[in-house]
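> Let me give you the structure first, and then I'll get to my questions.
Just so it is clear, none of the values below were taken in a lab; they were calculated from the coordinates. Since we're looking at a predicted model, the values are computed, not measured. Every residue, glycine as well, gets a Cβ built from its backbone with ideal geometry; the counts of neighbours run over all protein chains shown.
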């Protein structure tokens, strides 16, 4: 029944450009076999029919296809550079020129990344500064977005929070802690399929995104085929304002792609800056 397993991987490629070769293909197969047992289905042919005929199963498939591994303040070096260098630089711009700071967390999973960004913004900007702050956090998984919007995390998920952050930014209970309303108001969670952005000639307006000063797109590119990775790099460039910053994952250096980003000189982390505009950027 490998024919129908191939149908499923092709479905994922067509819907969201996810690529499954080598180890990723093996992992997906194992997860799907577990799903078959849960549904009491005999084979991939039966699952294929179930997928096409069952509302909501597509979302389940997306969850199986991606590894939602995340944590608060993952790659602390990047957050340190964000706090001590980038945010003060952006916050120091004339208000009429900046209009605030806008950040996109692409592939936000269960919300730890955008909430970490929000904590960093609050910590780095003086209380008297009334700068408008907005974080847009997107993911293809509705179950992840539901968890992110709730903002509740078990104790073992909070171990990487800096000292004092849990007390400042969260409300503890017997099961863990919930992100404060102050932080929740800073983050707008949206359903985001990066394939929609890559298909669009004007990706900034897909899902009402607009343009951003900073984009976090970490450990997302690795799920795409190389040709799609190049397209994603180009799309992220278009989504950034001139001078904006792109944060990528440790395994996603941009030197393998053609791009117009400049590498930001930091130790131990990958950060890039948009130093020029494409000719058609003004049309966005």
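> Between rounded, prolate and oblate, where does segment 132-204 land on the alpha carbon gyration tensor, with a ≥ b ≥ c its root eigenvalues, rounded for a/c under 1.5, else prolate if a/b exceeds b/c?
Values: a/c = 2.87, a/b = 2.05, b/c = 1.40.
Here segment 132-204 falls in the prolate category.
> To test your reading of the geometry: what angle, between 0 and 90 degrees and rounded to tens, separates the Cα axis of helix 112-124 from the longest principal axis of the chain?
On a 0 to 90 degree scale, this one is about 0.
> With an 8 Å cut-off on Cα pairs and a minimum separation of 6 or more residues, tell me the relative contact order of segment 1-157 in percent. Please list the in-between numbers first.
Values: 141 pairs, mean separation 33.7, N = 157.
21 percent.
> Let me ask something additional. Any chance you could give the angle, 0 to 90 degrees and rounded to 10, that helix 44-53 forms with the longest Cα principal axis of the chain?
60 degrees
> Additional query: Taking neighbour Cβ counts within 10 Å as the exposure measure, how do 34, 248, 66 sort from fewest upward?
Details: 34 11, 248 25, 66 20.
Fewest to most other Cβ atoms nearby, the residues stand as 34, 66, 248.
> Test of understanding: in a Gaussian network model of the chain with alpha carbons linked when under 10 Å, which of 126, 253, 88 would top the mean-square fluctuation ranking?
126
> Quote the Stokes-Einstein diffusion coefficient, in whole µm² s⁻¹, for segment 2-65, based on the Kirkwood radius over alpha carbon pairs, a temperature of 20 °C and a viscosity of 1.002 mPa s. Provide the component values of the computation, followed by the final result.
On the way: Rh = 11.7 Å.
Reported coefficient: 183 µm²/s.
> Could you tell me the center-to-center distance, by alpha carbons, between segment 150-171 and segment 1-52 in angstrom?
Their Cα centres are 36 Å away from one another.
> For residue 54 and residue 258, calculate 0.36 nm times their separation in residues minus their Cα-Cα distance, and state this gained length in nm to one decimal. Could you put the intermediate results ahead of the total?
On the way: separation 204, 0.36 × 204 = 73.44 nm, distance 4.09 nm.
Gain in length upon complete extension: 69.3 nm.
> How would segment 1-154 be classified by its alpha-carbon gyration tensor: rounded, prolate or oblate, with rounded meaning a/c under 1.5 and the a/b versus b/c comparison settling the rest? Could you put the intermediate results ahead of the total?
Details: a/c = 2.92, a/b = 2.90, b/c = 1.01.
The shape class here is prolate.
> Another one. Return a whole-number percent for the relative contact order of the chain, with Cα pairs under 8 Å and 6 or more residues apart as the contact set. Don't skip to the answer; put the middle values down first.
Values: 415 pairs, mean separation 48.4, N = 284.
RCO, the chain: 17 percent.
> Determine, from the Cβ-Cβ distance of residue 83 and residue 172 and an R0 of 25 Å, the FRET efficiency 1/(1 + (r/R0)^6), rounded to the nearest 0.05.
Details: r = 24 Å, r/R0 = 0.96.
Taking R0 as 25 Å, the efficiency between residue 83 and residue 172 is 0.55.
> Taking neighbour Cβ counts within 10 Å as the exposure measure, how do 185, 274 sort from fewest upward?
Working: 185 10, 274 24.
Fewest to most other Cβ atoms nearby, the residues stand as 185, 274.
> Next up: Please find, in a Gaussian network model of the chain (springs between Cα atoms separated by less than 10 Å), the residue of 143, 180, 258 whose mean-square fluctuation is greatest.
Between 143, 180, 258, it is 258 that shows the largest mean-square fluctuation.
> Which label marks the calculated value of Rg and Dmax of the Cα atoms in Å, given the options (i) 17.2, 49; (ii) 19.8, 63; (iii) 23.4, 77?
Recomputing Rg and Dmax of the Cα atoms in Å here gives the entry labelled (ii).
> Still on this structure, please answer the following. Please rank 133, 254, 183, fewest neighbouring Cβ atoms within 10 Å first, as an exposure proxy. Each step should come with its number before you reach the end.
Numbers: 133 20, 254 17, 183 23.
Lowest count first: 254, 133, 183.
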